[in-house]
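The values are calculated or read from the model by the stated rules, or taken from the named source; none is laboratory data. Just so it is clear, the structure is predicted and the values come from calculations on it, not from any experiment. Neighbour counts run over all protein chains shown; Cβ positions are idealised from the backbone, glycine included. Ligands, DNA and RNA are stripped out before the accessible areas are found, and what is left, the full protein with its side chains, is counted by its heavy atoms. Shrake-Rupley method; radii C 1.70, N 1.55, O 1.52, S 1.80 Å.
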Amino acid sequence: QVQLVQSGGGLVQPGGSLRLSCAASGITFSYYTMGWYRQAPGKQRELVATITSGSSTNVADSVKGRFTISRDNAKNTVYLQMNSLKPEDTAVYYCDARFSALHYWGQGTQVTVSS
């Protein structure tokens, strides 16, 4: 059974930092491209960042320079380090795993940036 279990998130003040984690099981993690997406209320889900099996990264312009995606294949975990958070970063964040036609999602975690 494939599981992507997310942790981290919560409430943070503007300018603060959070780290999201996504631990995978049931897949050969090192094969997969891992990603983070987010969905704000009333908006479509959007790409935040991806990291390939070879650790090449792609980061959305809206978070470039503030967010960093990384992976630890030994722990089957992908991370999203979020710095200099802004109110517009408020959303439910989802991790995903993709390999060929296989695609799995995490359960989502709320990030709220507010004073």
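In the neighborhood of L85, defined by Cβ-to-Cβ distances under 13 Å, what is the net charge if each Lys or Arg adds +1 and each Asp or Glu adds -1?
+2
Starting from the Cα of K75, draw a straight line to each of the aspartates and glutamates and keep only those under 18 Å, dropping any in the same chain fewer than 8 residues away.
Within the straight-line cut-off, K75 pairs with D96.
Would you mind getting the Kirkwood hydrodynamic radius of segment 25-86 from its Cα pairs, rounded to one decimal in Å?
Taking every pair of different Cα atoms in segment 25-86, averaging 1/r and inverting gives 12.5 Å.
Lysines within cross-link reach of K86: Cα-Cα under 19 Å, excluding same-chain residues under 8 positions apart?
List returned: K43, K64.
In Å and whole numbers, how far do the C-alpha atoms of the chain stretch along each principal axis, longest first?
Largest first, the chain extends 40, 25, 24 Å along its Cα principal axes.
In Å², and per residue, what accessible area does the chain have when probed at 1.4 Å with the other protein chains present?
Per-residue value: 52 Å².
Could you check which residue among L102, L80, L47 shows the biggest mean-square fluctuation in a GNM of the chain with a 10 Å Cα cutoff?
Most flexible of the set in this elastic network: L102.
State the percentage of accessible surface on the chain attributable to carbon and sulfur atoms; use a 1.4 Å probe and exclude ligands, DNA and RNA.
Reported share for carbon and sulfur atoms: 46 percent.
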